[in-house]
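Notes for the one structure printed next.
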Amino acid sequence: MSASGGNKAIIAAMLANLGIAITKLIAAVFSGSGAMLAEAVHSFADTINQVLLLIGGRRSQKAADEEHPFGYGRARYLYGFLVSIILFTVGGSYSIYEGFHKLQHPEPLSVVWLPIVVILISIVLESFSLRTARRESLPFKGSGSWVQFVRRAKAPELPIVLLEDTAALIGLVFALLGVGLTIITGDPLFDALATLFIGALLIVVALILGLETKSLLLGEGASPENIATIRDAINANASVESLIHMKTLYLGPDELLIAAKVAFPPATRLVEIAAAIDSLEADIRGKIPAARVIYIEPDLFHPPSDGDPPTDAIILKSED
């Protein structure tokens, strides 16, 4: 995913959330609505999260050094994980606390029209933010579903913004129902329940984000489609006898490491092996631009015997 596409969605979401948060806070102060206060905290947390994503993107662009020879690409994963923690602790936990507080100490709403107006305006603004995130995500989504995009994306920014904006819209619906029912019935119980629902929603989203970014932090390999592309590129080279095995690892959202052991015919000269490796690297990078770090180890192919430990994969070229 390009940094520009992600940054555009992040900045749009950040500006929208900051304006919405201030407006919600004003409405919460004047109306006394717990749901509005929970939504204000939610929007402030989202604003902080988007700032963190921008910082993570900037830190990830630092050049490699002796301490970090593969660069700082995973900084984007780290800051994405921090987003899930903040969403859980600041957004979800506070909303749950506020909801229980309102249940124990119910208060009638005042200036009842103000939270309704703010919620409706917020829904419009959040919809624009979500539309921007969806539009920026479409070139990377492919033919899969949005759930598959969130689970498989190697760049965390767009999936995070998509989930946050979706959660924000659902939370606003909860707030609208809670405030609306409180106005109609005069019972502040509905406002308190809406606050609890918003908190539970934020915690669920935070857990999903945490699990997805945890997988990226631990290190994910290339997709099955990209692995097949790499395998085919290696086996298509006329100088290669077979691909013995390979491993892949994303060093960052835009940087894939490939390590492969490749068998060459026994009589191949060193200069021919070097030329073949250069050709393989060029072919792979031409098909997968993210494959920036490639290590190819030349070897001789030995069919495994029964006592040999299992290998990752032994892929022989078909004989025509």
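When you scan region 263-273, do you find a residue that is among the aliphatic types (A, V, I, L, M), touching a strand residue (DSSP E or B) at 6+ places or on another chain (Cβ under 8 Å), assigned to a strand (DSSP E or B) and buried (at least 16 other Cβ atoms within 10 Å of the Cβ), even just one? Taking every residue of region 263-273 in turn, at least one turns out to be among the aliphatic types (A, V, I, L, M), touching a strand residue (DSSP E or B) at 6+ places or on another chain (Cβ under 8 Å), assigned to a strand (DSSP E or B) and buried (at least 16 other Cβ atoms within 10 Å of the Cβ).
Hey, could you check region 154-200 for residues that are farther than 27 Å from Ser110 by Cα and touching a Gly at 6+ places or on another chain (Cβ under 9 Å) and say which is surrounded by the fewest Cβ atoms within 10 Å (Cβ to Cβ)? Per the criteria, the residue is Lys154. Could you tell me which numbered condition Ala16 fails, if it satisfies all but one of (1) out of contact with any Leu (no Cβ under 6 Å at 6 or more places or on another chain); (2) surrounded by 24 or more Cβ atoms within 10 Å (Cβ to Cβ)? Ala16 satisfies every listed condition except (1).
Is it true that some residue in region 2-9 is among the aliphatic types (A, V, I, L, M) and in a helix (DSSP H, G or I)? Yes: one or more hits.
Scan region 279-320 residue by residue and report those that are modelled with pLDDT of 60 or more and part of a loop (DSSP other than H, G, I, E, B). Ile288, Pro289, Ala290, Ala291, Arg292, Leu300, Phe301, His302, Pro303, Pro304, Ser305 - these are the residues of region 279-320 that are modelled with pLDDT of 60 or more and part of a loop (DSSP other than H, G, I, E, B). Once region 70-103 is narrowed to residues that are surrounded by 18 or more Cβ atoms within 10 Å (Cβ to Cβ) and more than 20 Å from the chain's Cα centre (by Cα), the residue that is nearest to Ala194 (Cα to Cα) is Gly99. Filtering region 19-32 to residues that are within 28 Å of the chain's Cα centre (by Cα) and either farther than 13 Å from Ile123 by Cα or crowded, with 24+ Cβ neighbours inside 10 Å (or both) leaves Ile20, Ile22, Lys24. Within region 202-212, at least one residue is under 28 Å from the mean Cα position of the chain (by Cα), surrounded by 14 or more Cβ atoms within 10 Å (Cβ to Cβ) and closer than 30 Å to Ser110 by Cα. When region 124-150 is limited to residues that are within 13 Å of the chain's Cα centre (by Cα) and buried (at least 19 other Cβ atoms within 10 Å of the Cβ), the one that is farthest from Ala167 (Cα to Cα) turns out to be Ser137.
Filtering Gly32, Gly71 for residues that are in the same structural domain as Ser122 (by TED's automatic domain parsing) and in contact with a Lys or Arg (Cβ under 8 Å, 6 or more places away or on another chain) leaves a single hit, Gly71. Scanning region 35-69 for residues that are crowded, with 20+ Cβ neighbours inside 10 Å and acidic (Asp, Glu) returns Glu39, Asp46.
Taking first residues from region 38-64 that are farther than 28 Å from Leu169 by Cα and partners that are part of a helix (DSSP H, G or I), the Cβ contacts under 6 Å between residues at least 6 apart in sequence or on separate chains come to Arg59/Ala75; Ser60/Ala75; Ser60/Arg76.
Of everything in region 199-248, what is of a type in the set (S, T, N, Q), in contact (Cβ under 8 Å) with a residue 60 or more places away in the chain and over 21 Å from Leu163 (Cα atoms)? Give them in sequence order. If the condition is that a residue be of a type in the set (S, T, N, Q), in contact (Cβ under 8 Å) with a residue 60 or more places away in the chain and over 21 Å from Leu163 (Cα atoms), then Ser223, Asn226, Asn235, Ser242 are the ones that fit. From the list Gly57, Gly92, Gly80, the one residue that fits, being touching a Pro at 6+ places or on another chain (Cβ under 7 Å) and of a type outside the set (A, V, I, L, M, F, W, C), is Gly80. A residue that is over 23 Å from Val150 (Cα atoms) and in a helix (DSSP H, G or I) occurs somewhere in region 235-256.
The values are calculated or read from the model by the stated rules, or taken from the named source; none is laboratory data. None of the values given here were measured: they were computed from a predicted structure. FYI the Cβ positions are ideal-geometry reconstructions off the backbone, even for glycines, and counts take in every protein chain you see.
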